[in-house]
Amino acid sequence: MRDGKWEEGKATLRMKMDMKNANFNMYDLIAYRIKHMPHPHAGDKWCIYPSYDYTHCIVDALENITHSLCTLEFESRRASYYWCAPAAC
């Protein structure tokens with residue numbers, strides 16, 4: 001993915017989670033996606049970008065955030081957040 005051999009939307013890196021869960025957000029969460037767009041700091045060095053759902057819980061775990069406040073559109077994603085945060089530590 002990092003070499004830029006794949007087109008946007010043709011490949012993603014997913015986390016193996018729980019395909020039998022009633023909450024579809026607990027299926028295999030997308031961790032990284034391909035986006036051929038220059039980054040403001042890294043330029044064209046990278047073409048893979050982390051998803052918000054993946055990054056949010058990892059950053060909170062690294063920064064020892066104990067209470068994560070999100071707007072209601074992320075309410076259905078809380079289960080994947082609580083699954084991923086301890087796995088990040």
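From largest accessible area down, sort Lys5, Lys20, Lys45; use a 1.4 Å probe on the protein chains.
The ordering from most to least exposed comes out as Lys20, Lys5, Lys45.
Could you give the accessible area per residue of the chain, probe 1.4 Å, as a whole number in Å²? Mind showing how you got there, number by number?
Values: 6700 Å² over 89 residues.
Here the residues of the chain average 75 Å² of exposed surface.
Hey, what do the phi angles of the range 37-44 turn into as Karplus ³J(HN,Hα) couplings, whole Hz, using 6.51/-1.76/1.60 and θ = phi - 60°, x for Gly and Pro?
Ordered by residue, 3J(HN,Hα) equals 8, x, 7, x, 9, 8, x, 9 Hz.
Once the other residues with Cβ under 13 Å from the Cβ of Met1 are scored (Lys, Arg +1; Asp, Glu -1), what is the net sum?
Details: positive: Arg2, Lys5, Lys10, Arg14, Arg33, Lys35; negative: Asp3, Glu7, Glu8.
Around Met1, the charge tally is +3.
According to a simple spin-label model (label point 7 Å from Cα along Cα-to-Cβ), what is the distance in nm between Met1 and His67?
3.4
Keeping to pairs on different chains or 8 or more places apart, tell me how many lysine pairs in the range 2-89 have Cα atoms under 25 Å apart.
Within the range 2-89, the lysine pair count is 8.
Using alpha carbons only, how many degrees (0 to 90, rounded to 10) separate the axis of helix 78-88 from the longest principal axis of the chain?
Once rounded, one gets 70 degrees.
Using only Cα atoms and rounding to the nearest 10 degrees, what angle (0 to 90) does helix 52-62 make with the longest principal axis of the chain?
Around 70 degrees separate the two axes.
How much length is gained on full extension from Arg14 to Lys45, taking 0.36 nm per residue of separation minus their Cα-Cα distance?
Gain on stretching Arg14 to Lys45: 9.0 nm.
Out of residues 5 or more away from Ile48 or on other chains, whose amide H comes under 5 Å of its own, with H placed 1.01 Å from N in the peptide plane?
Distant-sequence amide H within range of Ile48: Lys35.
Kindly provide the helix-only [θ] at 222 nm of the chain, computed as the sum of -39,500 (n - 2.57) over DSSP H runs of four or more divided by all residues, to the nearest 500 deg cm²/dmol?
So the helix-based figure for the chain works out to -7500 deg cm²/dmol.
With all protein chains present, calculate the accessible area of Arg14 using a 1.4 Å probe and round the result to the nearest 10 Å².
My reading of the accessible area for Arg14 is about 130 Å².
Return the long-range amide H neighbours of Tyr32 (sequence gap of 5 or more, or a different chain), with a cut-off of under 5 Å between placed amide H atoms.
So Tyr32 has HN proximity to Leu13, Ser51.
Which option, (i) 126; (ii) 92; (iii) 101, is the value of volume of the Cα convex hull per residue in Å³ that was calculated from these coordinates?
Identified label for the calculated read-out: (i).
When the accessible area of the range 30-89 is computed with all protein chains present and a 1.4 Å probe, what percentage of it is carbon and sulfur?
Roughly 60 percent of what the probe reaches on the range 30-89 is carbon or sulfur.
The values are calculated or read from the model by the stated rules, or taken from the named source; none is laboratory data. Everything numeric here is computed off the predicted structure, so don't read it as measured data. When we count neighbours, we look across all protein chains shown, and the Cβ atoms used for this are built from the backbone with ideal geometry, even at glycine. The accessibility values were calculated without ligands, DNA or RNA, using every heavy atom of the protein model including side chains. Shrake-Rupley method; radii C 1.70, N 1.55, O 1.52, S 1.80 Å.
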